[in-house]
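I have placed the structure first, in the form of structure tokens, so that the comments after it can refer back to it.
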Amino acid sequence: RFWTIIRLTRLSLQTGNPEDAVRRLLPEMQRIDSRLDPQAAEMFALLGRAYTELGLLDEARTHLTHAESIAEPASDTAAHAQILLAQLDRQAQDIERARDRFAGVVERFPHASVAPLALMGLGELEADLGDHERSLDSYSRLVEAITSGQTVEIGPDHADESMDQRFRERFERGDYETALKYATLIYDAYRGEEPPASATLRLAQ
């Protein structure tokens, strides 16, 4: 039953129907023998994701925190809950806490399917905090994951969009050396395929 409900809920979320996901999950929560059952962790995580997409952030945090606490420690569910909690922290402007959560996912779940999402979030937040050396290191690891085929959730275009903001910020401030490093990583993310003209233009600038 868990298997069926989880997959139907994922479909609802993938098709942009978080309301349907909530309607499906809430009755199932009443059927759970114990809210501490690790098998139920993914249901709580999906409910937290649905509430996040609905903008109900307090409810989202409650369910995601519970999911993370009962999930198997090394599971994708625990990693995914941490990613979503980090995104909530970021929305709440708690940048350092969000950074620490992303860093924890990278350290504890290096092979999880969501690890590249954590690397991208880490790269963004470290840049926001002014630590461009660490930001570039995180992005470099993300590019390596993309070009080696280790990620299906983030492609070169996603990495490009994220790093482009850091490139522009450094370029406009006259920090051309750091801007060039971001531009080079963006170009490298397209290794094995034809990079867009914008990737070459950044290097030329």
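The values are calculated or read from the model by the stated rules, or taken from the named source; none is laboratory data. Keep in mind that this is a model prediction, so the values were computed, not measured. Virtual Cβ from ideal backbone geometry, glycine too; neighbours counted across all protein chains shown. Each accessible area value is taken on the protein alone, full model and side chains, heavy atoms only, with ligands, DNA and RNA left out. Shrake-Rupley method; radii C 1.70, N 1.55, O 1.52, S 1.80 Å.
At an R0 of 30 angstrom, the distance between the Cβ atoms of ARG97 and GLU194 translates into a FRET efficiency of 0.15.
On a per residue basis, the chain carries 54 Å² of accessible surface, using protein heavy atoms and a 1.4 Å probe. Using only alpha carbon pairs under 8 Å that are at least six residues apart, calculate the relative contact order of segment 31-80 and give it in whole percent. Reported as a whole number, the value is 39 percent. Each label was represented as a point 7 Å from its Cα along the Cα-to-Cβ direction; for THR15 and GLU72 these points are 3.0 nm apart. Within the chain, the longest segment free of exposed loop sites, counting trypsin sites (Lys or Arg not before Pro) that fall outside DSSP classes H, G, I, E and B and have at most 15 other Cβ atoms within 10 Å, spans 36-172.
At a threshold of 8 angstrom on Cα-Cα distance, excluding pairs fewer than six apart, so keeping six or more, what relative contact order does the chain reach in percent? Answer for the chain is 11 percent.
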